[in-house]
Amino acid sequence: MKWVSFFHLTSISKFNDLLIYSERIEDFLQTNIKLIETSLDKEIIAMNLTEEEGSEYFENRYEEDYFNYKNSFPTILRRSLFLHVYSIFEQELIKLCQDIERKKPDSIKLDDLKHSGIIKAQIYLKRVAGISFPDNSNEWIKIKDYNQIRNHFAHDGRMIADKGTRLFNSIENTKGINNTFFGKHKGKEIYEIELNNEFCDEAINVIIQFLLKLDANMEKGS
């Protein structure tokens with residue numbers, strides 16, 4: 001019997017939608033930045049302002065909106081989207097485990113495992129369901145770094161990281177994050193975390209590629 005792909009029918013389409021959403025967010029931010037820059041230039045020319053007068057005019061009329069679209073809004077939108085993407089990924093893995101659990105009522109239950117989140121799903125799919133889980137893939141290695149970053153955002157909330165920590169190493173390994181020296185505190189070097197415009201697209205594509213590999217392994221075992 002031909003394997004009916006669980007992920008192709010549900011998960012992959014969800015992440016493709018999230019990829020489109022991510023692209024729309026970035027377009028929205030860039031469009032508004034360009035609108036402000038274009039309007040400012042036209043108004044400065046129309047009023048024949050000097051460079052100094054133009055700077056003052058920008059500060060009074062556009063500065064707050066400009067820096068919101070340039071700095072504050074990207075941070076909020078990218079972090080929120082990333083947390084949502086990670087949450088959907090975790091939910092889809094857990095749903096898959098639960099679906100298998102219903103078909104194997106006499107096997108170990110998902111809730112019997114001590115771990116949580118994606119690690120619990122990994123252990124269940126690998127050891128209980130007998131699926132060849134692609135945990136040696138580059139994608140899974142990246143996803144474990146996303147796990148560290150997600151936990152930091154969800155439980156700590158700050159956009160900073162201490163050098164030498166597991167979080168810091170995960171950030172260093174992750175594409176789409178700028179890690180800039182912020183200062184020292186109690187002898188530790190502190191770095192500011194900035195999610196750039198590649199981050200969410202990269203994370204979504206990594207997850208899609210991982211799910212495709214997991215799906216292919218399930219098909220082989222069906």
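Every read-out reported here was derived from the displayed coordinates using simple, explicitly stated rules and does not represent laboratory data. Predicted, not measured: the structure shown is a model, and the values here were computed from it. Here the Cβ positions follow ideal geometry from the backbone for every residue, glycine too, while neighbour counts run over all protein chains shown.
Some values worked out for this structure:
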read-out: For PHE182, residues with placed amide H under 5 Å, excluding near neighbours; value: ILE190, TYR191, GLU192
read-out: Most positive-pole-ward Cα, GLY183, ASN173, PHE89, against dipole of the stretch 69-222 from beta carbon charges; value: GLY183
read-out: Kirkwood Rh, angstrom, the stretch 1-159 [1 / mean 1/r, Cα pairs]; value: 19.6
read-out: Net charge dipole size for the stretch 77-222 [Lys, Arg +1 and Asp, Glu -1 on Cβ; Debye, nearest 20]; value: 420
read-out: Rel. contact order, % - alpha carbon contacts under 8 angstrom, at least six apart, the chain; value: 24
read-out: For peptides 201-208, 37-44, 156-163, sequence by mean Cβ density within 10 Å, most packed first; value: 201-208, 156-163, 37-44
read-out: Length-normalised contact order for the stretch 44-130 - Cα pairs under 8 Å, 6+ apart - percent; value: 21
read-out: Spin-label model distance (nm) - GLN91 vs LYS175, 7 Å beyond Cα toward Cβ; value: 2.7
read-out: Relative contact order (%) - criterion: Cα under 8 Å, at least six apart; region: the stretch 107-222; value: 25
read-out: Table column - 3J(HN,Hα) (Hz), the stretch 187-194, Karplus curve with 6.51, -1.76, 1.60, x for Gly and Pro; value: x, 9, 7, 10, 10, 8, 9, 10
read-out: Stretchable slack from THR31 to GLU53, in nm (0.36 nm times residue separation minus alpha-carbon distance); value: 5.4 nm
read-out: In nm, spacing of pseudo-spin labels at ASP41 and HIS115 (7 Å Cα→C-beta vector); value: 5.3
read-out: Cα centre as origin, Lys/Arg/Asp/Glu Cβ charges: the stretch 1-120 dipole, Debye; value: 1400
read-out: Interchain or long-range residues, amide H under 5 Å from ILE160's placed H; value: ILE193
read-out: Volume in Å³ per residue [convex hull over Cα atoms, computed for the stretch 81-157]; value: 86
read-out: Whole-Hz ³J(HN,Hα) from phi, Karplus 6.51 cos²θ - 1.76 cosθ + 1.60, for the stretch 167-184, glycine and proline x; value: 4, 4, 5, 5, 5, 4, 7, 9, 6, x, 10, 9, 10, 10, 4, 10, x, 10
read-out: ASP17-ASN205 pseudo-label distance in nm [points 7 Å out on the Cα-to-Cβ vector]; value: 2.2
read-out: For the stretch 109-216, with +1 on Lys and Arg beta carbons and -1 on Asp and Glu, the positive-most of SER132, LEU113, VAL206 along the dipole; value: LEU113
read-out: Scaled radius of gyration (Cα, divided by 2.2 N^0.38 Å) that the stretch 50-120 gives; value: 2.19
read-out: Axial C-alpha extent at least 30 Å, average Kyte-Doolittle at least -1.0 - helices from the chain (DSSP); value: 11-46, 73-103, 199-221
read-out: Choice from SER55, SER137, SER72 showing the highest fluctuation, given a GNM over the chain with Cα pairs closer than 10 Å; value: SER55
read-out: Unit charges at the beta carbon, dipole of the chain: most positive-side option, GLN122, SER11, ILE160; value: GLN122
read-out: Nearest-0.05 FRET efficiency for ASP106 and ARG24, computed from C-beta distance (R0 41 Å); value: 0.30
